[in-house]
Amino acid sequence: MQFPRWLAQAGQDIKEGGRVGDLVQAQLDLSGTARDNRHTVLPISGGRDFWKTLGEGMVVEDPKTKKQIQTEPITIKKPLKFAGALAARGMTDMGYDSTRHIWWRHNHPMAILDRVQGAVIGDQLSAYTPAQRSAITLASIGAPAAASLGVWDATNPGELFRPKGYAQSYAETGSDDRRKTAQPGVEFVERMVLGRRGRPLNYETAKQDLPNLTRLEYGNFIKDHWQNKGLTGMGLVKGSMRNLEGNPEVRIIGFPVGLQAVGAATGGLLAAKQALKSGENTGVNRATGAAVPRRARTVALRGGLGALGGIAAGKLSNMVLASATKPKYPTTLEY
């Protein structure tokens with residue numbers, strides 16, 4: 001059976017697009033210009049390099065002739081060839097799990113903060129030892145931000161730092177009061193290591209933790225907590241102006257982020273960056289002639305103080321917004 005000429009040409013275009021896409025991928029890998037998650041089909045990180053290069057063309061080595069050739073620029077304006085390149089890229093992505101690695105690396109607010117820290121501070125910590133770098137980031141960013149997320153309550157060590165209004169994940173089966181856990185070891189790991197807050201308590205028990213909580217506010221929160229599908233329609237990123245404590249909160253893949261955590265991260269990052277910047281030329285190593293950085297403990301202390309200032313600013317903002325968004329109840333005269 002002979003295919004129509006236009007159909008045969010379409011098949012050739014798709015095949016050629018896939019071939020060019022594969023050549024560009026291979027050349028980027030060899031040249032070392034591709035970044036993290038270099039095989040993702042998304043136009044981010046290494047994927048951005050691929051799509052940009054595909055659209056501009058590049059010099060590659062033909063695997064058959066071993067000669068250097070210039071690839072044809074392929075963009076969406078050539079839909080069939082673009083589809084072929086997209087198919088090749090998608091197959092490579094699945095083989096390397098590149099896009100799923102992006103998801104795995106950014107499925108918690110602290111992981112996202114780690115990337116933000118790298119973008120803001122960059123290589124300014126390279127002059128310090130690994131232990132010193134860890135001390136700086138923990139004191140100025142990691143510990144203050146983690147403590148402010150609302151996943152655990154530092155004032156409640158007796159219940160393994162269970163946050164107010166939320167149940168233990170491993171309470172006794174059938175227990176009326178889910179504030180006690182039956183598996184303290186697993187509970188501790190889930191909360192302090194995995195960063196999971198647990199499910200909201202029922203109203204009667206939650207009110208014992210939060211005496212000012214009303215049934216109306218609780219009902220509004222529960223409705224939003226379970227039914228709000230967020231920006232993507234899949235519940236990945238969603239927010240509310242009032243959580244159980246009456247504060248605004250964004251939930252990223254179920255993990256909470258409030259203004260205190262944002263303030264802690266912002267204050268700590270800016271303070272640490274400023275301390276590193278102002279301390280770049282505080283002295284010179286006589287043996288090497290290299291600039292002596294500010295002491296690690298000084299940077300950590302300044303970063304920690306900045307984080308505390310950010311926490312205070314976030315807490316104040318919470319108070320203002322909580323007051324402004326508190327439901328207004330009708331007076332007895334209005335009933």
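We did not get these values from a lab; they are worked out from the coordinates using the rules stated. Treat the numbers as computed from the prediction; the structure is a model and nothing was measured. With ideal geometry, Cβ positions are generated from the backbone for all residues, glycine too; neighbour counts draw on all protein chains shown.
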Query raised in the report: So what's the back-of-envelope 222 nm ellipticity for the chain, counting only DSSP H runs of four-plus at -39500 (n - 2.57) apiece and dividing by all residues, rounded to 500?
Result: -16500 deg cm²/dmol
Query raised in the report: For Glu61 and Asn107, FRET efficiency with R0 = 51 Å and r from the beta-carbon atoms, rounded to 0.05?
Result: 0.85
Query raised in the report: Which value in nm describes the separation of the simple spin-label points at Glu159 and Ser323, placed 7 Å from the Cα toward the beta carbon?
Result: 2.9
Query - ³J(HN,Hα) computed for each position of region 7-21 - Karplus, 6.51 cos²θ - 1.76 cosθ + 1.60, integer Hz, glycine/proline x - result: 6, 5, 5, 4, x, 5, 5, 5, 5, 5, x, x, 5, 5, x
Report summary line: At R0 = 51 Å the Cβ-Cβ FRET efficiency linking Ser134 and Leu216, nearest 0.05, sits at 0.65
Query raised in the report: If you place +1 on the Cβ of every Lys and Arg, -1 on the Cβ of every Asp and Glu, and leave all else neutral, what size is the dipole of region 5-105 about its Cα centre, to the nearest 20 Debye?
Result: 180
Report summary line: In this structure, the FRET efficiency calculated for Thr232 and Ala87 from their beta-carbon separation, with R0 = 25 Å, to the nearest 0.05, is 0.50
Requested in this report: Order these peptides, 12-25, 173-186, by their mean beta-carbon neighbour count within 10 angstrom, highest first.
Outcome: 12-25, 173-186
**Report entry** Reduced Cα scattering model of the chain, Debye log10 I(q)/I(0), q = 0.09 Å⁻¹
**Finding:** -0.72
Query raised in the report: Based on the Cα coordinates of region 5-105, what is the per residue volume of their convex hull in Å³?
Result: 100
Query raised in the report: Roughly what angle does helix 259-278 make with the longest principal axis of the chain, taking Cα atoms, 0 to 90 degrees, to the nearest 10?
Result: 60
Report task. Given the peptides 260-266, 42-48, arrange them by the average over their residues of other C-beta atoms within 10 Å, most packed first. Result -> 260-266, 42-48
Report summary line: Karplus ³J(HN,Hα) for region 81-90 (6.51 cos²θ - 1.76 cosθ + 1.60, θ = phi - 60°; Hz, whole; x = Gly/Pro) runs 5, 5, 4, x, 5, 5, 5, 5, 5, x
Query raised in the report: Label points 7 Å out from Cα along the Cβ direction at Lys315 and Arg5: separation in nm?
Result: 7.9
Query raised in the report: So what are the ³J(HN,Hα) numbers for region 296-311, from phi and the Karplus equation (6.51, -1.76, 1.60; θ = phi - 60°), rounded to whole Hz, Gly and Pro as x?
Result: 4, 5, 5, 5, 4, 5, 5, x, x, 5, x, 5, 5, x, x, 5
Query raised in the report: lysines within cross-link reach of Lys52: Cα-Cα under 16 Å, excluding same-chain residues under 8 positions apart?
Result: Lys77, Lys78, Lys81
Query raised in the report: Looking at the P(r) of region 135-273, how many percent of alpha-carbon pairs lie beyond 17 Å?
Result: 63
Report task. Would you list which aspartates and glutamates come within 19 Å of Lys164, measuring only between C-alpha atoms, while excluding same-chain residues fewer than 8 positions from it? Result -> Asp153, Glu172, Asp176, Asp177, Glu187, Glu190, Glu204, Asp209, Glu217, Asp224, Glu245, Glu249
